[in-house]
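The block underneath contains the structure these notes are about, expressed in structure tokens.
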Amino acid sequence: MQKNMSAALRRAGGALLAAIALGAQAMEDESIYSYTRVEAGAGKVRGQSGSAQSLAIDGWVGGDFNRLWYQLDAERRGGRTEAAELQLLYGRYIAPFWDAQIGLRRDERPDGRDYLALGVRGLAPYAFDVDLKLFVRDDGKVFARTRFENDFLLTNRFVVTPSVGLEWSASDIDTTVRRGAYQADLGVQARYEFNRRVAPYLSLSRTFYPRAQPGGETAATQWRAGLRVLF
């Protein structure tokens, strides 16, 4: 089953490259823009020894109708990389401020896994940044992710960004995690923008595991300080 799914993902990857090539041809008649947000930070998880470091990159390059999106999320604790996820997506304009996306996701840590990714990304009313994704893993299991965040300007330079994220699974992940909404992340980030491109930040987040069984993950609180840079 996993071999069949891996072959299907490879075919999907080939189709994605073809779609990106067609998109690139279409972008020849468009002006090309780009946006990249990098957040690098370090902090501590309450109740755990040692520090935690994180790196998050989110961006795109393209025109008004066709874009190449990329995302990287990585985290280290105790000198070891515990999580590393990369997404590469082709985005197509479907409505003002909204893109439909298709692409691939690769998890290098904790286990090397490949996924087909489908989703939409855009701005909802009141400038909520919305990211909705469906993932089909190379073993056939289906997952979903929803994330919402918004910027609130307390002054021209001081910005507070609350965020909510949910992880879903259509089947039991293992003996310790049941299907359904198995992880919820609540967070808030406060940053001071020296200019629109550079801002130090402090963040506080709480992660819950509502479907965890005995022996599974437990809720954790983490604070973090870092630097946010826009390109």
Among strands (runs of 3 or more DSSP E) entirely within the range 92-146, at least 2 residues that are under 19 Å from G165 (Cβ atoms), open to solvent by 30 Å² or more (accessible area, probe 1.4 Å) and at pLDDT 95 or above occur in 113-124, 128-137
Exactly one of L204, L166 is touching a Phe, Trp or Tyr at 6+ places or on another chain (Cβ under 7 Å), part of a strand (DSSP E or B) and of a type in the set (A, V, I, L, M), and that residue is L204
Give the range 55-76 a look and list any residue that's within 19 Å of the chain's Cα centre (by Cα) and either at pLDDT below 95 or among the hydroxyl-bearing types (S, T, Y) (or both), or say none. Y70, E75, R76
Give S171, S203 a once-over and let me know the one that is closer than 23 Å to E85 by Cα and in contact with a strand residue (DSSP E or B) (Cβ under 6 Å, 6 or more places away or on another chain). S203
May I ask you to say which residue of K141, K133 is under 15 Å from the mean Cα position of the chain (by Cα), under 24 Å from A181 (Cβ atoms) and among the charged types (D, E, K, R)? K133
Which listed residue is of a type in the set (F, W, Y), loosely packed, with under 13 Cβ neighbours inside 10 Å and within 22 Å of R121 (Cβ to Cβ), from F152, F194: F152
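The values are calculated or read from the model by the stated rules, or taken from the named source; none is laboratory data. Note that this is a predicted model, so its numbers are computed, not measured. Because the Cβ atoms are built from the backbone with ideal geometry, glycine has one as well, and the counts that use them run over all protein chains shown. Ligands, DNA and RNA are stripped out before the accessible areas are found, and what is left, the full protein with its side chains, is counted by its heavy atoms. Shrake-Rupley method; radii C 1.70, N 1.55, O 1.52, S 1.80 Å.
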